[in-house]
Amino acid sequence: MWHLEPPNITARDSYVTCVSSTRDGDRREQLLGATDAVAAAGARFRVAAAARTLHELEAGNFAVPGIANSDAVNWAYDNGMRSTQAGRVIYDGLMDGPEDERCPMCGYGDVAQLDHVMPKVKFPALCVDPLNLVPACDRCNHRKGQVSPNSIETTPLHPYLDRIDHETWLDAAVIAGSQGELTYFIAPPPTWDDTLTARVTYHFKLFKLAKRYGVQANRALKNIQHTLQEQLQGAGETAVRSYLMEESRTRLRNDLNGWDGVAYRVWAAHDDFCRGGFAPQAGVGV
């Protein structure tokens with residue numbers, strides 16, 4: 001859900017780099033002989049990605065000619081990209097794409113793996129295609145799994161191609177009866193059409209972002225409860241609200257949809273919270 005600049009290496013160049021170091025001569029020749037087919041598959045993938053029709057791609061059209069799917073993945077990706085010196089340069093370059101190693105799928109976790117947008121077991125011709133490889137945290141990569149989209153509405157956002165981080169779309173609300181615990185949700189801006197709203201909603205649900213952000217917000221709340229209590233005792237509700245608003249502005253300036261900036265914004269706007277609802281039996285002027 002956070003944009004990355006697309007890789008500048010082509011599908012053809014990545015594939016040739018990854019398979020050229022194959023030690024077995026016959027296998028190397030077989031792999032290199034499939035270069036044109038792999039490049040053509042990359043071209044079809046790019047056309048579909050630009051047209052938002054990834055869900056229409058048929059796995060049967062993305063095999064590597066003459067090579068079993070599992071062998072193609074093993075030889076090109078596992079051995080060629082991850083284990084050879086030349087291939088590893090491409091792998092590490094993709095991993096280094098996100099600023100501060102932040103997972104673009106959730107905006108929170110640390111990048112640890114490359115996720116295949118179109119699963120490599122079904123689309124082996126794309127297994128080392130840079131546009132099909134997105135750096136992600138362990139949790140997002142696991143949640144994504146081997147599932148491929150079956151409709152435009154169930155197509156997760158592609159960090160290289162989709163951009164929504166320049167608009168405010170994340171919101172939250174204080175859970176009734178709680179001490180400020182939050183529940184997060186999508187608040188589509190008026191510029192979004194129904195399809196984008198459906199895709200973001202699906203992405204949000206697939207990666208369980210409401211729960212992940214809620215957990216982080218609740219942890220943050222516990223860490224600032226003492227500070228909030230001091231603010232309330234010293235200068236009352238106004239001081240609490242001012243503190244929360246300033247924290248929100250600081251965080252949202254860096255990330256319009258950061259879970260933390262949204263949390264502080266929502267707390268600052270909640271009257272009961274600012275009057276002491278953030279702690280058990282806390283009251284105004286206590």
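The values are calculated or read from the model by the stated rules, or taken from the named source; none is laboratory data. All values derive from a computational prediction rather than experimental measurement. Methodologically, a virtual Cβ is constructed for each residue, glycine included, from the backbone with ideal geometry; neighbour enumeration extends over all protein chains shown. Heavy atoms of the whole protein, side chains included, go into the accessibility calculation; ligands, DNA and RNA do not. Shrake-Rupley method; radii C 1.70, N 1.55, O 1.52, S 1.80 Å.
Considering segment 264-286, the residues that are open to solvent by 30 Å² or more (accessible area, probe 1.4 Å) and outside any helix (DSSP H, G or I) include one that is modelled with the lowest pLDDT, namely Val286. Residue count for segment 189-213 under the criterion of being more than 17 Å from Cys137 (Cβ to Cβ) and touching a residue at least 12 places away in the same chain (Cβ under 8 Å): the result is 10. Please verify whether Val121 is surrounded by fewer than 16 Cβ atoms within 10 Å (Cβ to Cβ), within 22 Å of the chain's Cα centre (by Cα) and assigned to a loop (DSSP other than H, G, I, E, B), treating the condition exactly as stated. Here the answer is yes, as Val121 does meet what is asked.
Per this entry, Arg52 is not counted among residues that are within 22 Å of the chain's Cα centre (by Cα) and over 28 Å from Leu209 (Cα atoms). Restricting attention to segment 124-154, the residues that are more than 20 Å from Ser70 (Cα to Cα), open to solvent by 10 Å² or more (accessible area, probe 1.4 Å) and not hydrophobic (A, V, I, L, M, F, W, C) add up to 8. Within segment 31-73, if we keep just the residues that are surrounded by 14 or more Cβ atoms within 10 Å (Cβ to Cβ) and not in a helix (DSSP H, G or I), the residue that is modelled with the lowest pLDDT turns out to be Arg52. The set of residues from segment 105-118 being outside any strand (DSSP E or B) and in contact with a Cys (Cβ under 9 Å, 6 or more places away or on another chain) comprises Met105, Cys106, Tyr108, Gly109, Val111, Ala112.
When residues in segment 14-30 are screened for being open to solvent by 70 Å² or more (accessible area, probe 1.4 Å) and not in a loop (DSSP other than H, G, I, E, B), 5 of them pass.
Need the failing condition index for Gly42 against (1) under 19 Å from the mean Cα position of the chain (by Cα); (2) of a type outside the set (Asp, Glu); (3) on the phi < 0 side of the Ramachandran plot, just the number. Of everything listed in (1) under 19 Å from the mean Cα position of the chain (by Cα); (2) of a type outside the set (Asp, Glu); (3) on the phi < 0 side of the Ramachandran plot, Gly42 misses just condition (1).
Look at Trp192 and say whether it is out of contact with any helix residue (DSSP H, G or I) (no Cβ under 7 Å at 6 or more places or on another chain) and aromatic (Phe, Trp, Tyr). Considered against the rule, which asks whether it is out of contact with any helix residue (DSSP H, G or I) (no Cβ under 7 Å at 6 or more places or on another chain) and aromatic (Phe, Trp, Tyr), Trp192 comes out as yes.
Okay, residues lined up against (1) more than 30 Å from Val262 (Cβ to Cβ); (2) without any contact (Cβ under 8 Å) to a residue 60 or more places away in the chain:
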position	(1), (2)
Gly60	yes, yes
Met81	yes, no
Asp110	no, yes
Pro124	yes, no
Pro130	yes, no
